[in-house]
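The values are calculated or read from the model by the stated rules, or taken from the named source; none is laboratory data. Remember, predicted model here, so these are calculated numbers, not experimental data. Cβ coordinates were reconstructed from backbone atoms using ideal geometry, including for glycine residues, and neighbour counts include every protein chain displayed. Just so you know, the surface numbers come from the protein's heavy atoms only, side chains and all, with ligands and any DNA or RNA stripped out. Shrake-Rupley method; radii C 1.70, N 1.55, O 1.52, S 1.80 Å.
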Amino acid sequence: MTHNLRAAEPAVKDMKEKTKYFVVREKAVPEVLLKVVEAKRMLDTKRAGTVQEAADQVGISRSSFYKYKDDIFPFRDNIKGKTLTFVLQMHDEPGLLSDVLKVVAEYGANIQTLHQSIPINGVATLTISVEVLATTGDISNMIETIESKEGIQYLKILARE
């Protein structure tokens, strides 16, 4: 008996694609998915007693809730115990690196690696890997706080392991 291995390849590829994760900004997420997150939050905080009540309150169908409930979650909910690596471009200004590191410390994340390039045309690239501990604050707020610092031109999350 011969087996056609090529026929199985697309199925394996489809399974791999289903397990990929992406980090996207809230503005890029379809409204139905944001409503699923809100419905899950309502159920967790007991503001809704049933899935139907939560779905009704946020304006989605119960079937939409069940379709997406295991596929979307706020970034902060599943990151404890993980390593987050991000890159940022920043002006070469005295004290700016210190300000960035102070934010990481204030949120209670543990810096694992840090690499800063030599500034070119007044801009340095900084790559930081931080361990998110059980005591670390809201990591999304940490990223937003860093990103909003004057002198930070660009911030991108590279990996979450």
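General observations
- Most to least packed among 118-126, 40-48 [average Cβ atoms within 10 Å]: 40-48, 118-126
- Computed Rg/Rh of region 37-137, alpha carbon atoms with Kirkwood Rh: 1.19
- A 1.4 Å probe run over the protein chains yields, for region 79-161, 54 Å² of accessible area per residue, whole-number rounding.
- With 24 Å as the limit on Cα-Cα distance, the pairs of Lys27/Lys149; Lys35/Lys67; Lys40/Lys149; Lys35/Lys102; Lys35/Lys149; Lys27/Lys156 that go past it are Lys40/Lys149; Lys35/Lys102; Lys35/Lys149.
- Distance in nm between pseudo-label sites at Tyr66 and Val23 (7 Å out along the Cβ direction from Cα): 3.4
- Solvent-accessible area assigned to carbon and sulfur over region 20-161 amounts to 49 percent, based on a 1.4 Å probe.
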